[in-house]
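What follows is calculated from the coordinates using simple rules that are stated; it is not laboratory data. In this text the structure is predicted, and so the values were computed from the model without any measurement. Quick reminder, even Gly has a Cβ in these numbers, built from the backbone with ideal geometry, and neighbours come from all protein chains shown.
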Amino acid sequence: MLKILAIESSCDETAAALVGDGHLVLSDAVATQIDIHRKYGGVVPELASRNHLVDAIPVVEEALTSADATWNDVDAMAVTRGPGLVGSLLVGLQVAKALAYAKQKPLIPVHHLQGHMQAVFLHKEGEPRPESPGYPHVALAVSGGHTALYLVSSPTQIRQIAHTRDDAAGEAFDKVSRMLGLGYPGGPIVERGAKGGNEKAFKFTRPHFKDGDPLDFSFSGLKTAVLTVLKKFGAPPEGQDLADLLASFQHAVCDQLVERTLEAAKHFGCKHAVLAGGVACNGALRRLMQETLSGEGIALHMPRPRWCTDNAAMIGAAAWHRDQVPGSRLTGEALRSLNAVGNWDIGENL
Ligand code: KG4
Ligand code: ZN
């Protein structure tokens, strides 16, 4: 079994994991900074970078010890190269480069969104191995920083086909929660608050584009529509009115995500689809996507919720697939000179 030690630090989680053959999670360590950023209502980039610096080495050590492994067991290393917060990425990348150099391991740089999508392969010892999605399939990666659809022709041939023109869906959850004074991160809070609410209580319209790609997403109009309700009626106190507002908002987000994913799958003739990223933890979204796609004969694959939010196991899974492409393993001078972080094209190998 090929064992990859992966590091992820693109936002506010410092994570390291040991993954066997791109699917078996041997360990999965995460130091979350949620409590640090909560009082600011969102991630403060400089604080995130500084805390990655504190947590990176202990998290890597924890990933090895909790897998009962040593450096001798590690065949290769992997690291998130982007997209994400540049300061955060730089810390993870430099730690990974230094360890790979010192321990004489090849390093595989990974696209963060490929990681999210390929979390569908992950399981732990004793858990059934998830069925792999067939190809080609469409993948919706939906998180706090990204909302995009991809056409996945093979594990390493991935092309973006639509993206958000403004906010990411997770960002909309976070901002609506903040507007209502409910706390951070907004996604799980809104989901809990929407329980028992009537999703038809408020009519929020869905965006439709006449120009450019009709599959593109938009969530800023929805956020403004919620704000308009608050200005008109005031923030509802806890109770049925609040649950109705949250359920209507959540449904409008889910409906748009599901509608676009279905349209894309039909357009590209895909019989399989993947739903991944932090927002894919949302039970209402998982249910609506499952119901809608299965009604159309499309098989839906979703990572287990613990691997939907940022983690390093997904980077280990994606690295194993990238490793099939010649030139993906960096050693020697290529490793020493790897310097680019931030935005890179998912179709690009390096
Ligand atoms: O993938 P992720 O951990 O980080 C990024 O790559 O952005 O996603 C974090 C986002 C946050 O915006 C959070 O509010 C959202 O995922 N999220 C959820 C839920 N759990 C996390 N959104 C809706 N419902 C949830 N249950
Ligand atoms: Zn992410």
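Over the chain, what is the relative contact order in percent, taking alpha-carbon pairs closer than 8 angstrom and at least six residues apart? Relative contact order of the chain: 25 percent.
Would you list Ser88, Ser143 from fewest to most Cβ contacts within 10 Å? Write down the numbers at each step before the final one.
On the way: Ser88 28, Ser143 25.
The order, fewest Cβ neighbours first, is Ser143, Ser88.
Note the direction-averaged projected area, equal to a quarter of the hull surface, for the Cα convex hull of segment 1-81, in nm².
The directionally averaged projection comes out at 5.5 nm².
The loop-placed GluC sites (Glu not before Pro) in segment 219-269, going by DSSP, that have at most 13 neighbouring Cβ atoms within 10 Å of their Cβ come out as Glu238. Computed packing ranks the peptides 246-257, 305-316, 30-41 as 305-316, 246-257, 30-41, most packed first, by mean other Cβ atoms within 10 Å. Only helices enter this figure: runs of n ≥ 4 DSSP H residues, each worth -39500 (n - 2.57), summed and divided by the residues of the chain, yield -13000 deg cm²/dmol at 222 nm to the nearest 500. Among residues other than Arg178 with Cβ under 13 Å from its Cβ, the summed charge is +1 (Lys and Arg +1, Asp and Glu -1). If you line up the long axis of helix 240-267 against the longest principal axis of the chain, both from Cα atoms, how many degrees apart are they, to the nearest 10? It works out to around 60 degrees.
In terms of distances greater than 21 angstrom between alpha carbons, the cross-link table entries Lys103/Lys124; Lys39/Lys200; Lys175/Lys231 yield Lys103/Lys124; Lys39/Lys200.
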